[in-house]
Amino acid sequence: MSLIRSWVETANRPDHPFPLNNLPCGVFSAGHGAHCGVAIGDFVLDVSALERAGLLTLQAAPLFGEPSWNKLMAAGPAVWSAMRQRLMALLAEGSAERSAVEPHLHALSAVQLEMPFRVSEYTDFYAGRHHAFNVGTMFRGPENALPPNWLHIPIGYNGRASSVVVSGTPVRRPWGQVKGPDDAMPSLVPSRRFDIELEMGAVVALPSTNGQPVTVAEADDMIFGYVLLNDWSARDIQAWEYQPLGPFQAKATATTISPWIVMKAALEPFRVSTPQREVPLLPHLQEHGPLLYDIALEVGLTPEGGRETIISRTNYREMYYSAAQQLVHHTTSGCAMNTGDLLGSGTISGPTKDSRGSLLELSWGGKEPFEIAGGTRSFIEDNDTLTLRGHAQGEGYRIGFGDCAGKVIPALADPYGRT
Ligand code: CA
């Protein structure tokens, strides 16, 4: 696969995140309400306007009447594919329809990006081998780092759809109940160990039936695309609350996603296999082909008024379990999935120190503060901006996701207004 050239010149730049090969799906507003659009070069193309103008008719009833991609996602793979083919024809170099399409382009610099889809439910996994090993080593020592179930199931918990926000949304440092090992009683304080988790989010498009588990192949077909995902985590709150039912308030402050859903079709050339299994998976979880993607990822930390430091570089291919396998496990009991379900991959850490996907790991539980431009960090400080970026590298083009950024603003002075 090589670059597909467009008459939108910026889309042909080899380092641009949004070539014609990509066409990621977002929602934008430009002073006249919010609309579905796809990114192309430095522009967003208003697909709802194209649909109204009769230039993008995918089925009898409109798909883009509301500012979310849920309806298109629910329409299924044949419609997704028809949409991509039609948009590629409209935007390809030499297209006869350029003059009809051009009025529906808006400069990305002039629009506000919003949530690209309605999140039905949000499930977060713990499926990165290096992350699980690092965190387990910190808490239990290297001999017992992985829980006994870890190599057999992708461990997960049900999160909150209401906590998912789009890139650019400020994230307020949470209050929570904490208790240090030497404290006689817990206390309610602003989190002192607020952190990120570098993850990918899989966007589920096709529902499954209650009572009916899905296979790995069915699960892969149910996924529409992927976003970058930062699962903000309060480590001190988590340490006190997580046993025996798992994280709760530590993960409920916010989960930030990138504004663009990159469709699976755009990522197809970058499929890679999951790693060699250390112990065989049970048959229902076994993969029959490559289910991960080669997506280079990085995290930048920018203090207020300061310069950004890239604190981690890793790759989505480091995961032990794919999103499809997570979906299989999720439905083993017969749990139904819905259009708009979001699956967090789990923190994506690589094998090296500079490829760790959380500050907890980068600072080894706060014991080894790391350097940034003009200072050091163990955990996030107020007014730090954390930015996740990712792209798949093709021959002469790349598939980008757009920034997944959030600034951590100071905790409320008194959340219950008692002073
Ligand atoms: Ca997580």
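Check whether at least one residue in the stretch 280-290 is away from the ligand (no atom under 16 Å from the Cβ), open to solvent by less than 40 Å² (accessible area, probe 1.4 Å) and part of a strand (DSSP E or B), and report yes or no.
We begin by selecting, within the stretch 280-290, every residue away from the ligand (no atom under 16 Å from the Cβ); these are 280-290.
Still in the list and also open to solvent by less than 40 Å² (accessible area, probe 1.4 Å): 281, 285, 289.
Remaining after also requiring part of a strand (DSSP E or B): none.
The answer is no, given that none of the residues of the stretch 280-290 is away from the ligand (no atom under 16 Å from the Cβ), open to solvent by less than 40 Å² (accessible area, probe 1.4 Å) and part of a strand (DSSP E or B).
Considering only residues that are outside any loop (DSSP other than H, G, I, E, B) and among the basic types (Lys, Arg), look in the stretch 362-419 and name the one that is nearest to Lys264 (Cα to Cα). Steps first, please.
Keep residues of the stretch 362-419 that are outside any loop (DSSP other than H, G, I, E, B), which gives 362, 370-372, 375-377, 385-393, 395, 398-400, 404-409.
Retained after the next criterion (residues that are among the basic types (Lys, Arg)): 377, 389, 398, 407.
Working: Arg377: 36, Arg389: 18, Arg398: 14, Lys407: 29 Å.
Only one residue tops the list, namely Arg398.
Return yes or no: is Ser81 surrounded by fewer than 16 Cβ atoms within 10 Å (Cβ to Cβ) and either touching a residue at least 24 places away in the same chain (Cβ under 8 Å) or part of a strand (DSSP E or B) (or both)?
yes
Would you please name the residue that is nearest to Ala405 (Cα to Cα), looking only at residues in the stretch 92-114 that are open to solvent by 50 Å² or more (accessible area, probe 1.4 Å) and in a loop (DSSP other than H, G, I, E, B)? Break it down into steps so the answer makes sense when it comes.
Residues of the stretch 92-114 that are open to solvent by 50 Å² or more (accessible area, probe 1.4 Å), as a first pass: 93-94, 96-99, 102-103, 109-110, 112, 114.
Next cut, in a loop (DSSP other than H, G, I, E, B) only: 93-94, 96-97.
Numbers: Glu93: 33, Gly94: 36, Ala96: 38, Glu97: 36 Å.
By that ranking, first place goes to Glu93.
Is it true that Phe28 is assigned to a strand (DSSP E or B), in contact with a strand residue (DSSP E or B) (Cβ under 9 Å, 6 or more places away or on another chain) and under 22 Å from Ala205 (Cβ atoms)?
Numbers: assigned to a strand (DSSP E or B): yes; in contact with a strand residue (DSSP E or B) (Cβ under 9 Å, 6 or more places away or on another chain): yes; under 22 Å from Ala205 (Cβ atoms): yes.
Against the criterion (assigned to a strand (DSSP E or B), in contact with a strand residue (DSSP E or B) (Cβ under 9 Å, 6 or more places away or on another chain) and under 22 Å from Ala205 (Cβ atoms)), Phe28 qualifies.
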Tell me, please, whether a residue that is within 16 Å of the ligand (Cβ to nearest atom) and more than 21 Å from Thr256 (Cβ to Cβ) can be found in the stretch 180-194. no
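For the stretch 121-140: of the residues being in a helix (DSSP H, G or I) and among the charged types (D, E, K, R), which is farthest from Tyr320 (Cα to Cα)? Step through it out loud before you land on a result.
First pass over the stretch 121-140, keeping only residues in a helix (DSSP H, G or I): 129-140.
Narrowing further to those that are among the charged types (D, E, K, R): 129, 140.
Numbers: Arg129: 6, Arg140: 21 Å.
Selected residue: Arg140.
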With Ala60, Ala89 as the choices, which residue is open to solvent by 10 Å² or more (accessible area, probe 1.4 Å), out of contact with any strand residue (DSSP E or B) (no Cβ under 8 Å at 6 or more places or on another chain), modelled with pLDDT under 95 and not in a strand (DSSP E or B)? Ala60
Could you list, in sequence order, all residues of the stretch 318-350 that are away from the ligand (no atom under 16 Å from the Cβ) and in contact with a Lys or Arg (Cβ under 8 Å, 6 or more places away or on another chain)? Gly340, Gly350
Within the stretch 153-247, considering only strands (runs of 3 or more DSSP E) that don't extend past its boundaries, which have at least 1 residues that are within 22 Å of the chain's Cα centre (by Cα) and surrounded by fewer than 20 Cβ atoms within 10 Å (Cβ to Cβ)? 156-158, 164-166
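The values are calculated or read from the model by the stated rules, or taken from the named source; none is laboratory data. All values derive from a computational prediction rather than experimental measurement. Backbone-built Cβ (ideal geometry, glycine too); neighbour counts: all protein chains shown. Side chains included, ligands, DNA and RNA excluded: accessible areas come from the protein's heavy atoms. Shrake-Rupley method; radii C 1.70, N 1.55, O 1.52, S 1.80 Å.
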